[in-house]
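The values are calculated or read from the model by the stated rules, or taken from the named source; none is laboratory data. These figures come from a predicted structure and were not determined experimentally. Here the Cβ is made from the backbone with ideal geometry for all residues, glycine too, and neighbour counts use every protein chain on show.
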Amino acid sequence: MGARQVHTAGQDARLTALDLLATLVAVTDDRGHIRYANHALEDAVGLSRRHLAGVALADWVTQPELLQHALAGVRGHEYAVIRYDTHLKRMLREPLPVHLVIAATEAPDQRVIEMLPLEQQTRQEREERLLEQAQANKELIRNLAHEIKNPLGGIRGAAQLLQMELADRDDLVEYTEVIVHEADRLQALVDRLLAPHRRAPVVADVNIHEVCERVRAIILAEFPRGLAVVRDYDTSIPEFRGDREALIQAVLNLAHNAAHALKDRIAAGDARITLRTRVQRQVTFGKRRFRLALELHVIDNGPGVPEEIKDRIFYPLVSGRDGGSGLGLTLAQTFVQQHQGLIECDSRPGHTDFKILIPLP
């Protein structure tokens with residue numbers, strides 16, 4: 001009796017550990033009846049594990065015959081693991097495309113069925129690309145800055161010395177002034193590139209709506225006519241630890257980009273930027289699962305991100321408008337990643353949505 005209790009307790013602990021996974025997991029008998037569903041599967045289906053217990057998993061997929069055939073293959077020892085794509089049915093929602101993996105366990109009458117949402121898989125791949133891109137950007141910026149700074153100082157110093165020698169030649173001094181001015185402009189550009197890596201974070205409690213209100217005030221002061229900045233806040237979002245000024249700069253860069261993209265609509269008087277905050281539950285990004293995450297959307301009704309730069313908008317010096325430095329989105333992404341978060345973009349004509357995701361405690 002004691003041995004049986006120890007075994008059961010160990011088994012319960014292993015099943016409970018499945019709740020830590022971001023993927024949807026069902027433990028079934030060899031016929032596919034659910035014995036255990038983890039939290040992610042409960043959230044996806046919209047039912048508790050108590051209601052799912054004993055239910056045939058085949059009733060919750062759009063191709064039940066494929067699942068039954070796969071289970072029969074595992075049961076007959078034809079396969080140890082089977083993978084295929086299907087759709088998981090959900091309460092009051094559209095079926096969810098998933099990559100389904102069936103694996104046998106040490107217990108002959110037990111199967112572990114893992115379902116990875118295809119949208120989640122795509123998102124994870126996109127996040128990995130963004131993180132790799134950010135790291136590459138960081139190295140590029142550092143190397144570029146050091147390569148530029150040293151000769152730039154020499155050029156500016158030489159131009160100033162030449163300017164002193166040519167003090168009585170106004171027609172030539174004009175050229176040295178151009179050199180000094182352009183050297184200063186490049187120096188400012190390099191300083192902006194290095195700013196996030198030089199400045200030590202100032203961590204304190206952050207109210208995200210104070211951040212949004214600060215950005216809203218700045219944007220409306222700069223664009224007082226023809227632009228509405230709409231609030232759409234979830235006031236239940238808790239404070240979190242972060243660098244307030246860095247987050248203000250990140251959101252301000254996104255809002256500035258939106259405002260400049262809306263120049264035609266501002267002239268017409270119907271430009272709109274929406275600042276929307278929401279809480280997302282059981283979110284996974286950066287290969288980590290978080291119980292809660294902040295969603296902060298900066299949405300505009302402008303023409304959208306040009307198609308030719310959509311895949312490169314977070315690269316440094318890539319800009320969609322004339323005169324743009326191409327640093328705003330790069331710096332915003334850097335500041336958000338310092339908070340273990342990331343920025344995603346969904347853009348089409350008439351609707352561009354930059355979404356900031358940051359884990360919450």
Notebook entry, point to check: Among (1) modelled with pLDDT under 90; (2) out of contact with any helix residue (DSSP H, G or I) (no Cβ under 7 Å at 6 or more places or on another chain), which single condition is residue 29 missing?
Noted result: (1)
Notebook entry, point to check: Looking at (1) modelled with pLDDT of 85 or more; (2) assigned to a helix (DSSP H, G or I), can you tell me which one residue 153 breaks?
Noted result: (1)
Next item on the list: Could you please find all residues in the range 65-91 being part of a strand (DSSP E or B) and either surrounded by fewer than 14 Cβ atoms within 10 Å (Cβ to Cβ) or not assigned by TED's automatic domain parsing to the domain that holds residue 27 (or both)?
Entry: 81, 83, 85
Notebook entry, point to check: Condition test on residue 250, is it farther than 26 Å from residue 313 by Cα and either modelled with pLDDT under 95 or surrounded by 20 or more Cβ atoms within 10 Å (Cβ to Cβ) (or both)?
Noted result: no
Margin query: Would you confirm, using the coordinates I've provided, whether residue 325 is at pLDDT below 80 and surrounded by 17 or more Cβ atoms within 10 Å (Cβ to Cβ)?
Written below: no
Checklist line | the range 287-311 - residue that is under 10 Å from residue 351 (Cα atoms) and of a type in the set (Gly, Ala, Ser) and, of those, surrounded by the fewest Cβ atoms within 10 Å (Cβ to Cβ) | finding: 304
Next item on the list: Working only within the range 214-236, note down all residues that are in contact with a Lys or Arg (Cβ under 8 Å, 6 or more places away or on another chain) and not aromatic (Phe, Trp, Tyr).
Entry: 216, 226, 227, 228, 229, 230, 231, 232, 234
Next item on the list: For the range 331-353, enumerate the residues that are more than 14 Å from residue 303 (Cα to Cα) and either over 13 Å from the mean Cα position of the chain (by Cα) or aromatic (Phe, Trp, Tyr) (or both).
Entry: 331, 335
Next item on the list: Return only the number of the condition from (1) in contact with a Leu (Cβ under 8 Å, 6 or more places away or on another chain); (2) modelled with pLDDT under 90; (3) of a type in the set (D, E, K, R) that residue 93 does not satisfy.
Entry: (1)
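Here's the yes/no breakdown for (1) surrounded by fewer than 15 Cβ atoms within 10 Å (Cβ to Cβ); (2) part of a helix (DSSP H, G or I); (3) not polar (S, T, N, Q):
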position	(1), (2), (3)
168	yes, no, yes
191	yes, yes, yes
234	yes, no, yes
259	no, yes, yes
